[in-house]
Each structure stands twice: as structure tokens, then as C-alpha cells.
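Below: one structure, written as C-alpha cells.
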Amino acid sequence: MRPPFLTALLRRLLGTLLLLAAGIFAPALAGTFSKAQLQQGFGDSYTVGEKLSALPVWPVYHRGQTAEGYNALHAYVFETIDIEPVAGYGGKPINILVVMNKAGKYLDVRLLSHNEPIFQEKSRNALLAGFAEQYIDLTVQHQVQVLTPKAKREVDDQKATLHGVTAGTVSATAIDRTIMEAAAQVAYARLDDPGAKAQGTQAKGPDDRYERMGFNQLVAAKLVQPFGKTNREVQARFNGTPAEGQDAEGRLQPNGLALDMMWLLPGLPQVGRNLLDAGGWREVRALREAGVGLVGVLDSSRYSVVGSHDTPAGRSARLVVVQGERQFEMTALPYTQGLRLSGQRSGVGSNATFRLFATAPGGAFDLALPITLELNLARAGTPPGQGASGRPESQWRHELKIPDLAKWQVVREIPAWWRIWQQRWLDLVILCLGLAVLAAALAGQKWLAATAKRLAVYRVIYLAFTLGFVGWAAQGQLTIVNLTALASALMDGRSAEFLLSDPMAIVLWAFVGASLVAWGRGTFCGWLCPFGAFQELLSLLAQWLRIKPRQFHRRVDAALKCVKYGVLVLLAASVAMASPMTDTLVEIEPFKTSISMGFQREWPYVVWAVACLGLSVLVFRGYCRYICPLGAALVILGKLRFLNWIPRRAECGTPCQTCRHGCSYQAIEPSGKVDYDECFQCLDCVSDYQDDQRCLPLIRERKAGEKHAAPPRVIPILAQTDHA
């Protein structure tokens, strides 16, 4: 009869296989709350209104008569993924449902969805949900600091310190950013309390510090600058050209304005955040961060402002920006968002149209220098660039010089990922020192491997450092999740900035990238993978207990080494099809269970991790050699290697087979050729190469030298006398 434990295990494995078969080809799930779902959640005391057109937010009203009036506004409800999506460690945005009242206070905060690989099972997901719930009763005015998992939640009127999540620093940081930045945008766009607006939007965007100003205040500060010319002034520029006298309306009203504009630099937070709605500011900010120079104009002119190369029929003013010796060709952008123009707007025509112009990417202006707006006027029938008299077409210039510009410049706040780097400076210093020691040792491999004892002692110490510090203490286990998350983000057109939130991984990947070019995949797989170190140390312990690993026949070994490429292909296909089963497939790696979480997971994951470790006792580093998809990916990247760093002799392979028989990874062919794709850089063969007790060519040389240096045989005198 089958034991209950085995029955449960088989059921779980079968269920996983069925989910895999059904999920690989299923489309990625995506969904948001509907009005009906929200209404059900709020109950009969409240009414959920229609989603706002300018911002994906639902207003919620008190139902019936209240002290504030009939059907008074109660709160706003939004999902952070719709407003400020922030990717976590899994590379995809974390989605939070937030209910915020009119004063900017969070009435409810609920975790809806995420792709964080460490928090997929129910118990771990509850930790993330609990972290998010700490924001309930905070406001957009609070300065939030996330501390260690054991810290206590402490809140006053201005500051809040929250406890973090074990092994979830990146995830907690992403939750903090998506809540606070999304709420800040809602506060800016919708809140009735001016104080909540000002405080909530002061420093919640990446570069968004500003002060609330009305339109006339912006004009007084010369952040918005008027520019106008009369019909008489413009007509004088066309005298003597074929276009002279063609403007009948201008002749009838010579003192009327032909050019009537309000110029501004919308990329300045003080300008853009006061004039543009939330959607418009997001659009402008994204362009600015991409290195695009931006100029905006409220245009009431009879000569419509157009891009540098536009040639519309009728009257036009083509815009070129000049700064010193640089000239920027401007392109008109289709601005479809709204403006936040309210109250008095002195000097703005009722027919004013907002137009947005941009340089090519990388053509941002130097705001420390004056910006000159050059308008080239043209009328129908006038060849661009030249009138009948041979002089240039009508041209006007306006210098857009802003007083006290330093006060309004973009304030570059410290990114959230940089704060994590600062917090982990000691771990990074230790890691960099460890990498420097390893690089020196591998560069001087012949010295390190000069004696088998020296190599063995160094290797055990370094593997213990890799497992103990890099893996368990500093959580620096590289994983295939790093690659799948990056690929998914690039495919979706999202930023890969989330990777910067894991400084240990960034430094390790940088070192591994350099070592791939120099030595191949062996540097990481052989020395820097904590799970690989775990396997090898366990195998060494087993050998000390007289349990020797076995080696397969080389044809069987070669066939098994192909398995890891199949696993990698399956993962790549899952990512390419945006399958939700990617999160399940990456569990083929036991790294998360054994290294990141110290076996504190549900039993099927623990069983798999222990099985992989047990395999290493029976077959040396069996998981690394035959199953690991990250190892397969590094083999492919390791094709960039330019060094054949393992020394070889002509006798290697024929007649000497010492290195091949001693290679625990079976990475040396019978011919003596090294298979660098499967070499783990253990340096055992380099040690054999220098040992005149093991290397056959050196043994022959040693014996030949001993024979040549042997003294002649001497017969003792006493023996000669006795014989006589």
C-alpha cells in the first residue's frame, strides 16, 4: 500500500503538471475592479460614481443626506497600477487598491496582485499584504521610512516608520513607491484640501517639487512669458515681398495683434504641474526624462505656431530654438491631455490653444543658458526662406530668460534604489573585497593550484564565504528570475530600473559579465553560486564520510547535460508568450527555498530543494550540471569567452588521461580537450598539470632526471676482501 506522504506528493506533482500544460499557452491574466465590484464592497451606505475621464479614479459618495449635504463626496478609490505602476523584484508592477478621503488620508489599502517570486504562496503573500496595510490611516503628507522586518510601526503627524518584510526589501520599496506616488497624483488632481494638495505633491514624484501658483503668479514670476506683435509690425516685415498687402484683416485692424502668445517651459515642475492636468504632466515628465527639450505655447495668434519643418497653408510661424551656437529644430507633438487653467488668466485669449513642441531625444536644452525662440513667419504664396526682395522671410525673436531659475530647476531626489545601496554599503564592501580576492586568485591560478592542499583549503574557505555571506547573509543568489523579469519588462516596454533595487545582484552580475568574457560560465557556477557552493560542501562532507559520488558513462553524461537547455527553452517560451505559468516554471530552481528563505516554505518546495541537494551527494553537483536553467543561459553567454585559460600539453589525452579521470564535472574529453561550456573552474586539472606525482609527462621527466642524476654503484671494501 502506498504511504500517505507519497500519495500527497504524487498528487501535488500531478497537479503542477496539469497546471503547466494548461497555463503555458494561456494568455496572461489582467483585470481591474469594476464599478459594480466596488459598489458591492462599499455597501448600501455609499454610492460609487463613474470613473473620472482625466484620471482612472472612482469617486465615492455618502448616500442620502449628511452634514456635508446630499450625496456628499466621501473618498476616491483607485488602483495604483493605473496611475503609477512600479515594478517589484519580479519585474512586473505591484497593484494596490487605495481608498483615500478628501483630506488625503488612506482609509483602506489592499494588496491586489503581484509577481514577486518569493511571495507566491499564501503564507508569504500575507506578509506583503500586511506590509501594505500599514499605510491605513497615513496620509499623502507623511514622510514614510521603511525599516527592518523587526522594527515597530510608529506614526506621528508628519512621519511614519514602518517595518519591512523579510527577504522582501525590493518588494516593500515598490509597494511604498506605488502607493505614495499614485496617491500624490490623485491628491494633485482631485483633493479639495489645498494643504493636502501642496504637501502631498511636494516630493512624491521622482523630480516633482513645486509650489502651488495661479496663472497670473506664473506670469509675474516670468515662468510664463507673453510675446505679441501688432498687425502693423508684422506687415512691415512683408513689405517688398509677393505677400505684401495680402492680409486684408490685418490692414483693417493695424493695431490688433498678429502674434499673441504665452511661452513656457513645461518640463519645469513649477510650470508643468501648475498648468497641465495629471495625464499631461506624466506625458511631459516622461519626455523630459528621455532627454527631450520641451517648449509650450498658449497660442492666440493669427499666425499659428508650427514645427520647424511644417509648411501649412496660410499664415504660420515656424519655431526654431537657438541657444548659443546650437540650433534646435522643433517638432509639434499631439497633446491630447487637458490644462489646469482656472481662475483669472490675464493676457490669455479666449481662443488660446496649447501647443507642445519637442526636440529630438538627447536634445534637451541647457537651462543655465538663455533660450531664444526664433519665429519665422510665412504667408501663402511666399517661398519659405526668401521674399521677392531676396531677404529672409519675416523673423522675430524672443529670449526666454527666467529670473531665479535655480529656484525652479528640477530637484533630483535620491531614487529609492539608491537609498537601498546606501543602506547596504557594508555588504557591498565585503562583497567587492571577496570578488577582488577571487579575481586575483583566478588570475594567479598556477600559484593557487601549485599544491593540491593549498587549492583545497582555499576552495573550501571561499565556498563557505559564498554560501554563508553571499547567499544566506547578504541574499546575493543570482537566479533565472533576474533574466525572466528583465525579458518580460523589455517585452512590455517597461523600465528595467527595478533591477537596481537589488545592489548585491547588480554587483554580482557585473562581475559575472566580465568573467564570462574572460573565463566563461565557470567563475559563477564554480565559485559564486551559493546553491552550487551548498551542493559542493555537502558532497565534500559526504566523501569525508566515505560516500563517493558516481559518474555516468560519458555518453549518458552528455545526454543529461542537454536537459538544462530544454528547461531554459521552456522558460523562454513561457516568457515570450507572457504566460502566468512563468512563476511556476521558475520554481525548478531550488535557490529561493534553500538560500533566500532558509527552507521556510511549504513542504513541496522544501522536498524539491532537499532532493536537489541529495542528488549532489550521489552525482557531483548533479543539479548544476544537468538541470539548472541559469547555468544553461550562462553557457550561451559564455560563448563570448576569449581565453583558453586551462594549460594543456601535447601529451594531454594521449597518452595521459589523469585530468580527464580526475574531473568531477566530466568536462574533459578523451582527446584532452577542455569543454569550457561545462567547466566549473575548480582548478583541479591545473593542479594536476603542475604535479610531478600525478601528471604523466611530468612523472616521466622526473624519473628521467632521477636516473640521469643517480651516482655510480660502489662495492664496499670489506665485501671485496671477504670475496677474495
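The values are calculated or read from the model by the stated rules, or taken from the named source; none is laboratory data. Owing to the predicted nature of the structure, the values given are computational and were not obtained by experimental measurement. So basically every Cβ, Gly included, is an ideal-geometry build from the backbone, and we count neighbours across all protein chains shown. Calculation scope for accessible area: heavy atoms of the full protein, side chains included, ligands and nucleic acids excluded. Shrake-Rupley method; radii C 1.70, N 1.55, O 1.52, S 1.80 Å.
Of note:
- Residue check for L20: at pLDDT below 90, outside any strand (DSSP E or B), touching a Lys or Arg at 6+ places or on another chain (Cβ under 9 Å) and farther than 19 Å from A129 by Cα: no
- Single residue of S501, S574 found to be surrounded by 22 or more Cβ atoms within 10 Å (Cβ to Cβ), at pLDDT below 90 and not hydrophobic (A, V, I, L, M, F, W, C): S501
- Single unsatisfied condition, Q253 versus (1) modelled with pLDDT of 65 or more; (2) open to solvent by 50 Å² or more (accessible area, probe 1.4 Å); (3) in contact with a Gly (Cβ under 9 Å, 6 or more places away or on another chain): (3)
- Scanning segment 577-595 for residues that are surrounded by 21 or more Cβ atoms within 10 Å (Cβ to Cβ) and under 29 Å from A474 (Cβ atoms) yields T582, L585, V586, E589, P590, F591, K592, T593, S594, I595.
- Residue match in segment 220-237 (condition: in contact with a Ser or Thr (Cβ under 6 Å, 6 or more places away or on another chain), among the hydrophobic types (A, V, I, L, M, F, W, C) and open to solvent by less than 10 Å² (accessible area, probe 1.4 Å)): no
The rows are residues; the columns are (1) buried (at least 22 other Cβ atoms within 10 Å of the Cβ); (2) under 19 Å from R419 (Cβ atoms).
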| residue | (1), (2) |
| --- | --- |
| Q120 | no, no |
| N125 | no, no |
| I136 | no, no |
| L147 | no, yes |
| A151 | no, yes |
| V155 | no, no |
| G164 | no, yes |
| V170 | yes, yes |
| I175 | yes, yes |
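- Filter result for the condition that a residue is under 33 Å from the mean Cα position of the chain (by Cα) and open to solvent by less than 60 Å² (accessible area, probe 1.4 Å), over L339, L319, L294: L294
- All helices (runs of 4 or more DSSP H) inside segment 579-678 with 2 or more residues being under 27 Å from G444 (Cα atoms): 622-626, 629-637, 658-662
- Flag if A286 is open to solvent by 40 Å² or more (accessible area, probe 1.4 Å) and either hydrophobic (A, V, I, L, M, F, W, C) or within 21 Å of M262 (Cβ to Cβ) (or both): yes
- Checked against (1) closer than 20 Å to A633 by Cα; (2) not in a loop (DSSP other than H, G, I, E, B), G476 passes all but a single condition, namely (2).
- Selection of segment 485-498 for residues being open to solvent by 20 Å² or more (accessible area, probe 1.4 Å) and either under 21 Å from T593 (Cα atoms) or in a loop (DSSP other than H, G, I, E, B) (or both) yields D492, G493, R494, S495, A496.
- Which listed residue, of R546, R555, is farther than 22 Å from A172 by Cβ, part of a loop (DSSP other than H, G, I, E, B) and open to solvent by 40 Å² or more (accessible area, probe 1.4 Å): R546
- Lone qualifier among I506, I461 - being in a helix (DSSP H, G or I) and under 23 Å from the mean Cα position of the chain (by Cα): I506
- When residues in segment 154-176 are screened for being part of a strand (DSSP E or B) and free of Cβ contacts under 8 Å to residues at least 12 places away in the same chain, 1 of them pass.
- Within segment 513-525, considering residues that are surrounded by fewer than 21 Cβ atoms within 10 Å (Cβ to Cβ) and among the small types (G, A, S), the one nearest to the chain's Cα centre (by Cα): G513
- Against the conditions (1) touching a residue at least 40 places away in the same chain (Cβ under 8 Å); (2) more than 37 Å from the chain's Cα centre (by Cα); (3) at negative phi; (4) assigned to a loop (DSSP other than H, G, I, E, B), G240 satisfies every one except (3).
- Checked against the criterion of being open to solvent by less than 60 Å² (accessible area, probe 1.4 Å), touching a residue at least 12 places away in the same chain (Cβ under 8 Å) and outside any helix (DSSP H, G or I), the candidates A450, A441 yield just one match: A450.
- Subset of segment 641-675 [open to solvent by less than 30 Å² (accessible area, probe 1.4 Å) and either closer than 25 Å to A533 by Cβ or at pLDDT 95 or above (or both)]: W645, I646, C659, C663, Y665, A667, I668, V674
- Leading residue by the ranking (nearest to P59 (Cα to Cα)) among those in segment 90-101 that are at pLDDT 90 or above and open to solvent by 20 Å² or more (accessible area, probe 1.4 Å): N101
- All of Q422, Q395 fail the test of being over 28 Å from L634 (Cβ atoms), out of contact with any strand residue (DSSP E or B) (no Cβ under 7 Å at 6 or more places or on another chain) and surrounded by fewer than 19 Cβ atoms within 10 Å (Cβ to Cβ), apart from Q422.
- The one condition in (1) in contact with a Ser or Thr (Cβ under 6 Å, 6 or more places away or on another chain); (2) among the acidic types (D, E); (3) modelled with pLDDT of 90 or more that E84 fails to fulfil: (3)
- Verdict on G104 being at positive phi and at pLDDT below 85: no
- Exactly one residue among G296, G280, G314 is at pLDDT below 90 and not in a helix (DSSP H, G or I), and that residue is G314.
- Neighbours by Cβ (under 6 Å, 6+ apart or cross-chain): first from segment 645-663, farther than 19 Å from K548 by Cα; second hydroxyl-bearing (S, T, Y) and in a loop (DSSP other than H, G, I, E, B): G653/S671
- Which listed residue, of L618, L528, L560, L537, is crowded, with 22+ Cβ neighbours inside 10 Å and touching a residue at least 40 places away in the same chain (Cβ under 8 Å): L528
Quick grid of which residues meet (1) among the β-branched types (V, I, T); (2) part of a strand (DSSP E or B); (3) touching a strand residue (DSSP E or B) at 6+ places or on another chain (Cβ under 8 Å):
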| residue | (1), (2), (3) |
| --- | --- |
| Y76 | no, yes, yes |
| G90 | no, no, no |
| L97 | no, yes, yes |
| Y106 | no, yes, yes |
| V109 | yes, yes, yes |
| L112 | no, yes, yes |
